[in-house]
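*Asks:* Before I ask anything, here is the structure I am working with.
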Amino acid sequence: MENSNPANLKVVYMDRLSSCEIYFNSVQYRRILQNINLSIHKGEVWGISGNSLLEIKLLLEIMANIKPYNDGRCVLIERGMMRLKRIILPHVFYIGTANMIYNSMNVLEYLMFATAKSKTDVVMRQKQLLQLLIDIGLSNISLSPIHTLPDEYKVIIILLVAYLSKSELIVFNIPELKYTSQQVSVVKNIANLCIESGKTLVISTTDSNLIEEVCSHIAFLINGNVAYSGPVRDFCELYDDTTIIIYGNQLESILNFLKNEMPQYNYEVINNQLIISRPAFGYLEDIKFIHNKISQLQLTPNQINLSPKTVKNAVKGILKKHDIQG
């Protein structure tokens with residue numbers, strides 16, 4: 001397979017892939033992954049998410065050639081993989097645990113160790129790595145002993161090593177971790193460096209904020225199938241049906257009134273917010289219409305806002321569409 005345009009290089013291509021692993025209970029028997037179609041291009045950052053940690057973790061294990069697959073095709077960097085041969089290929093950097101790192105070193109020492117084959121002068125390399133840690137937002141832990149850090153920081157350091165490596169595809173497969181906003185910012189900075197250097201990054205995660213801030217694309221798995229794959233912004237537009245958020249007092253009175261007047265909407269009160277949504281709507285018409293209705297009740301809420309489209313709300317929407325409790 002050849003591609004004359006390197007910028008459009010397919011780094012991961014899965015065609016009707018199914019896993020060897022099988023899910024079985026008293027009412028269901030199926031492949032854990034089935035009929036997976038996925039196309040990831042050079043320079044993209046993908047978040048692989050879903051309603052099952054097992055499914056998303058298994059998909060990335062197959063992607064990295066750690067686990068075999070039963071049927072279909074899987075091609076990495078436009079090079080075919082032997083279906084049952086389990087070996088991490090040289091152009092793939094796989095992160096599957098926080099225990100890949102040496103706890104006896106501090107962060108800067110570990111980066112020096114990881115880049116020891118570089119031909120750059122040792123003193124210059126140390127200065128460059130320290131500056132890199134400062135630039136991406138890790139100056140606060142640059143000299144911290146690694147054994148004192150939580151797993152989230154450990155895997156972020158490993159991700160930085162992956163960026164510094166010659167690998168073309170980075171598979172970051174620890175979906176159970178949740179990150180602080182500061183850690184997400186660091187991951188975003190490293191992801192941007194990966195894009196600039198022509199690398200492709202694939203992250204398994206159920207952290208909606210991480211996907212929203214870091215990823216250009218998302219694949220969402222439900223019951224072993226890809227329910228959506230494509231740009232994150234399109235995912236939000238398609239599945240986030242939250243329209244308007246009303247803040248203030250007397251929300252129960254407003255809620256009861258609007259339910260009678262506008263039953264086509266869905267309503268939910270959370271933390272002094274009345275959240276109004278429906279699958280198909282026009283933003284400007286809705287907010288004017290709802291404001292006029294509330295005015296009839298002679299109640300004045302503190303604020304009526306259009307809801308921004310978010311990954312968190314879109315995840316709720318896609319699960320609801322498939323009758324799965326989020």
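*Asks:* Given the conditions (1) of a type in the set (Phe, Trp, Tyr); (2) under 30 Å from Leu210 (Cα atoms); (3) free of Cβ contacts under 8 Å to residues at least 40 places away in the same chain, report the number of the one that Tyr247 does not fulfil.
*Replies:* The single condition Tyr247 does not satisfy is (3).
*Asks:* Considering segment 11-47 alone, what residues qualify as being surrounded by fewer than 17 Cβ atoms within 10 Å (Cβ to Cβ), basic (Lys, Arg) and either in the same structural domain as Leu177 (by TED's automatic domain parsing) or in contact (Cβ under 8 Å) with a residue 60 or more places away in the chain (or both)? Break it down into steps so the answer makes sense when it comes.
*Replies:* So the first thing to find is which residues in segment 11-47 are surrounded by fewer than 17 Cβ atoms within 10 Å (Cβ to Cβ), and the list is 15-16, 20, 22, 24-30, 35, 37, 39.
Filter again for basic (Lys, Arg), leaving 16, 30.
Listed by number, the list holds a single entry, Arg30.
*Asks:* Sticking with this one: Residues being farther than 23 Å from Gly317 by Cβ and in contact with a Phe, Trp or Tyr (Cβ under 7 Å, 6 or more places away or on another chain): count how many of those fall in segment 200-221.
*Replies:* 2
*Asks:* Considering only residues that are charged (D, E, K, R) and surrounded by 15 or more Cβ atoms within 10 Å (Cβ to Cβ), which ones fall in segment 119-161?
*Replies:* Arg125, Glu152, Lys154
*Asks:* Please enumerate the residues belonging to segment 222-275 that are surrounded by 13 or more Cβ atoms within 10 Å (Cβ to Cβ), under 17 Å from Asn313 (Cα atoms) and over 21 Å from the mean Cα position of the chain (by Cα).
*Replies:* Thr243, Ile244, Ile245, Ile246, Tyr265, Asn266, Tyr267, Val269, Gln273, Leu274, Ile275
*Asks:* Condition check: touching a residue at least 24 places away in the same chain (Cβ under 8 Å), under 24 Å from Lys57 (Cβ atoms) and in contact with a Phe, Trp or Tyr (Cβ under 7 Å, 6 or more places away or on another chain). Does Ile141 satisfy that?
*Replies:* When the stated conditions are applied, Ile141 does not pass them.
*Asks:* For segment 164-198, which residues satisfy the criterion of being farther than 25 Å from Leu53 by Cβ and more than 16 Å from the chain's Cα centre (by Cα)?
*Replies:* Those that are farther than 25 Å from Leu53 by Cβ and more than 16 Å from the chain's Cα centre (by Cα): Leu164, Ser165, Lys166, Glu168, Leu193, Glu196, Ser197, Gly198.
Yes/no per residue for (1) free of Cβ contacts under 8 Å to residues at least 24 places away in the same chain; (2) part of a helix (DSSP H, G or I):
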site	(1), (2)
Tyr94	no, no
Ser104	no, no
Glu109	yes, yes
Phe113	yes, yes
Lys117	yes, no
Met124	yes, yes
Leu129	yes, yes
Asp135	no, yes
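*Asks:* Let me ask you something else. Tally up the residues in segment 102-121 that are at pLDDT below 95 and of a type in the set (Val, Ile, Thr), please.
*Replies:* Going through segment 102-121 one residue at a time, the tally reaches 1.
Every residue, every condition in (1) assigned to a helix (DSSP H, G or I); (2) closer than 23 Å to Tyr179 by Cβ; (3) of a type in the set (Phe, Trp, Tyr), yes or no:
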{"position": "Ile218", "(1), (2), (3)": "no, yes, no"}
{"position": "Glu252", "(1), (2), (3)": "yes, no, no"}
{"position": "Asn292", "(1), (2), (3)": "yes, no, no"}
{"position": "Asn313", "(1), (2), (3)": "yes, yes, no"}
{"position": "Lys320", "(1), (2), (3)": "yes, no, no"}
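*Asks:* Hey, another quick one. What number of residues within segment 161-200 satisfy the criterion of being part of a helix (DSSP H, G or I) and at pLDDT below 95?
*Replies:* Adding up the residues that qualify gives 0.
*Asks:* For Val202, state whether it is crowded, with 23+ Cβ neighbours inside 10 Å and hydrophobic (A, V, I, L, M, F, W, C).
*Replies:* yes
*Asks:* Applying the selection to segment 103-118, what residues are within 22 Å of Cys194 (Cβ to Cβ) and either of a type in the set (Asp, Glu) or loosely packed, with under 15 Cβ neighbours inside 10 Å (or both)?
*Replies:* Scanning segment 103-118 gives Phe113, Ala116, Lys117, Ser118.
The values are calculated or read from the model by the stated rules, or taken from the named source; none is laboratory data. Since the model is a prediction, treat every value here as computed from it, not as a measurement. Ideal geometry is used to build each Cβ from the backbone, glycine not excepted, and the neighbour counts take in all protein chains shown.
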